[in-house]
Amino acid sequence: MRYKTLIVLLLVLVTSCKFFKKAPVGVPIARVNDAYLYQEDIKDLISEDTSVEDSTLLVQNFINRWATQQLFLDGALLNLNESKQEAFNKLVAQYKNDLYTKAYIEALVKRSIDTMVNIQEAEDYYENNKEAFKLNEELIKFRYVHVDENILDLDAIEKKFKRFNAKDKRELDSISIQFKSYSLNDSIWIKVKQVVDKIPAVTSENKNELLKKSNFVQLKDSLGVYLMQINDVLLRNDIAPLEYVRPTLDQIVINKRKLELIRKLEKDITKDAIKNKQFEIYN
């Protein structure tokens with residue numbers, strides 16, 4: 001109902017200004033020279049919950065923008081020389097061709113591409129291109145717990161945290177509700193920057209303590225006590241470990257497959273067109 005009311009208001013506005021000539025199709029709401037804007041062009045512009053006032057303003061602004069653009073376009077057609085217009089028309093045609101072609105190729109590739117990458121493929125590319133995987137930041141494997149300064153049995157927690165055998169890990173997991181925060185998975189590589197951002201007691205002044213392999217670090221601030229155990233360290237310009245760059249490796253392998261598939265599609269479509277007499281080159 002609100003949409004119909006808005007259209008009536010716009011039609012009154014437009015017709016009262018004797019704004020347009022007879023249009024060939026649809027219900028016009030604005031005209032610039034021989035170009036018309038129709039109800040169909042604005043039907044998705046407003047939602048049901050938009051007020052009449054806001055809807056009117058929204059549509060009027062849209063009409064004004066459309067008119068301004070159309071006037072500039074008409075001015076360009078009148079004032080640009082033929083050679084420039086022809087060059088632009090070729091660019092537009094080429095852009096259209098590229099859009100359609102790209103969309104069609106992407107659909108064919110998506111339907112045919114195998115996106116599963118086995119570990120052997122990833123390892124082969126990694127081994128042959130290790131220099132491409134140099135780190136530009138430090139990585140560590142570590143575990144940490146953040147506890148209140150007055151927590152009971154801090155010494156026992158620290159002992160288990162340092163020793164960290166299977167039993168210790170289970171026991172620390174079982175009391176983790178007492179921790180303010182923690183991470184006991186020390187088998188994955190983490191950016192040192194993430195640690196600095198996560199743990200406020202780690203600063204630019206003391207972060208080098210995290211870059212010492214097998215180092216135990218205990219820090220304290222107003223929020224509590226932090227226990228950290230560093231298992232492994234990789235520095236800038238070290239080669240990134242395969243498990244860390246595996247997602248990147250997978251994407252590289254898939255992209256290579258895409259390029260190979262596109263080349264095959266290009267060859268096949270031309271070959272089939274020649275076979276079916278859809279494509280000929282005249283002497």
Criterion (β-branched (V, I, T), out of contact with any helix residue (DSSP H, G or I) (no Cβ under 6 Å at 6 or more places or on another chain) and within 15 Å of L219 (Cα to Cα)) met by exactly one of V202, V147: V147
Screening N283, N276, N206 for residues that are at pLDDT below 95 and under 30 Å from A107 (Cα atoms) leaves only N276
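Does region 123-130 contain at least one residue that is loosely packed, with under 15 Cβ neighbours inside 10 Å, over 28 Å from N208 (Cα atoms) and at pLDDT below 95?
Checked region 123-130: no residue is loosely packed, with under 15 Cβ neighbours inside 10 Å, over 28 Å from N208 (Cα atoms) and at pLDDT below 95.
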Kindly establish whether D148 is in the same structural domain as K162 (by TED's automatic domain parsing) and in contact (Cβ under 8 Å) with a residue 60 or more places away in the chain. yes
For region 1-50 the number of residues that are assigned to a loop (DSSP other than H, G, I, E, B), at pLDDT 50 or above and touching a helix residue (DSSP H, G or I) at 6+ places or on another chain (Cβ under 8 Å) is 8
Could you grab the pairs with beta carbons closer than 7 Å, sequence gap of 6+ or different chains, first residue in region 202-230 and assigned to a loop (DSSP other than H, G, I, E, B) and surrounded by 13 or more Cβ atoms within 10 Å (Cβ to Cβ), second one β-branched (V, I, T) and at pLDDT below 95? V202/V195; V202/V196
Just give me the residues in region 231-242 being buried (at least 16 other Cβ atoms within 10 Å of the Cβ) and assigned to a strand (DSSP E or B), in sequence order. V233, L234
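For Y144, state whether it is at pLDDT 95 or above, more than 30 Å from K207 (Cα to Cα) and among the aromatic types (F, W, Y).
Taking the combined requirement at face value, the residue does not satisfy it.
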Here the residues within region 83-140 that are out of contact with any strand residue (DSSP E or B) (no Cβ under 7 Å at 6 or more places or on another chain) and of a type in the set (F, W, Y) are F88, Y95, Y100, Y104, Y125, Y126
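The values are calculated or read from the model by the stated rules, or taken from the named source; none is laboratory data. Remember, predicted model here, so these are calculated numbers, not experimental data. In this analysis, Cβ positions are derived from the backbone assuming ideal geometry, glycine residues included, and neighbour counts consider all displayed protein chains.
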